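J.: Okay, here's the structure, questions in a sec.
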Amino acid sequence: IVREGRECGENLLFFGCRHENKDFLYEEELKEFESEGIIQLYTAFSRDTDKKVYVQNLMEQESLKIWELLESGAHIYVCGDAKRMARDVHKQLLEIVKDYGKMEQTEAETYVIGLENSFRYQKDVWS
């Protein structure tokens, strides 16, 4: 869209896998998109450092930005492992909504369900 000269909102991409050198799918393309200003790329390679870092950890660091984008109509797409990653990302999303939306747990859950019902929070996950 951006390359066609059409207006596009801010795009954050949180990419996680075990090893950068083995698992970083579409690395060249994603880095090119980042250098062109099409996306802001956040990467978590959980087995490349002593301390494991996951997508939800990066999301926590960018909580305010995520909340502001959600409030301005952003969409969220989660792809990957359903057993752990998707569950942990969902928990982090709820925390962001609770903290920045100043909501109780049930209110945050209702907010996230509203995102799902309006197709603004979609998951393509597998186990």
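J.: List the residues whose amide H sits under 5 Å from the amide H of residue 123, counting only those 5 or more places along or on another chain, with H placed 1.01 Å from N in the peptide plane.
T.: When sequence neighbours closer than 5 places are left aside, the close amide H contacts are 78.
J.: Here is a follow-up. Of the options 86, 5, 40, report the single residue whose Cα projects farthest towards the positive end of the charge dipole of the chain (beta-carbon charges: Lys, Arg +1; Asp, Glu -1).
T.: Sorting the options by dipole projection puts first 86.
J.: Here's another thing I want to ask about it. Between residue 7 and residue 53, 0.36 nm times their residue separation minus their Cα-Cα distance comes to what?
T.: Additional length available on full extension: 13.3 nm.
J.: Based only on Cα atoms, what Rg/Rh ratio does the chain have, Rh being taken as Kirkwood's radius?
T.: Here the Rg-to-Rh quotient is 0.97.
J.: Further, regarding this structure: Counting only helical runs of four or more DSSP H residues, what would the 222 nm mean residue ellipticity of the chain come to if each run contributes -39,500 (n - 2.57) and the total is spread over all its residues?
T.: My calculation for the chain gives -13500 deg cm²/dmol from helical runs alone.
J.: Hey, what did the stretch 1-126 get for relative contact order, percent, Cα under 8 Å, at least 6 apart?
T.: Relative contact order here is 21 percent.
J.: For the stretch 1-36 and the stretch 74-110, what is the separation of their Cα centres, given in Å?
T.: Cα centroid of the stretch 1-36 versus Cα centroid of the stretch 74-110: 22 Å apart.
J.: Let me ask another. Starting from the Cα-Cα distance between residue 83 and residue 18, subtract it from 0.36 nm times their residue separation and give me the gain in nm to one decimal.
T.: So the chain would gain 21.9 nm between residue 83 and residue 18.
J.: Give me the percent of accessible area attributable to carbon and sulfur for the stretch 1-106, probe 1.4 angstrom.
T.: After summing per-atom areas, the C and S share lands at 47 percent.
J.: Still on this structure, please answer the following. Could you sort out which of 65/102; 91/123; 31/83 sit more than 21 Å apart by Cα distance in this structure?
T.: 31/83, as the Cα separations exceed 21 Å there.
J.: Here is a further query. Mind listing the long-range amide H neighbours of residue 40? Cut-off is under 5 Å, sequence gap 5 or more, other chains count too, H placed in the peptide plane at 1.01 Å from N.
T.: Correct list: 11, 12, 13.
J.: Here's a follow-up. So between residue 75 and residue 100, what do we pick up on full extension, going 0.36 nm a residue minus the alpha carbon distance?
T.: The residue 75-residue 100 span can extend by a further 7.3 nm.
J.: Within the stretch 55-83, whose backbone N sits under 12 Å from a point 7 Å along Cα→Cβ of residue 122?
T.: Counting backbone N atoms under 12 Å from the label point, the list is 75-79.
J.: To continue, here is another question. Probe of 1.4 angstrom, ligands and nucleic acids ignored: what's the accessible area per residue over the chain, in square angstrom?
T.: 68
The values are calculated or read from the model by the stated rules, or taken from the named source; none is laboratory data. Since we're looking at a predicted model, the values are computed, not measured. Every residue, glycine as well, gets a Cβ built from its backbone with ideal geometry; the counts of neighbours run over all protein chains shown. We work out accessible area using only protein heavy atoms, side chains counted, and drop any ligands, DNA or RNA first. Shrake-Rupley method; radii C 1.70, N 1.55, O 1.52, S 1.80 Å.
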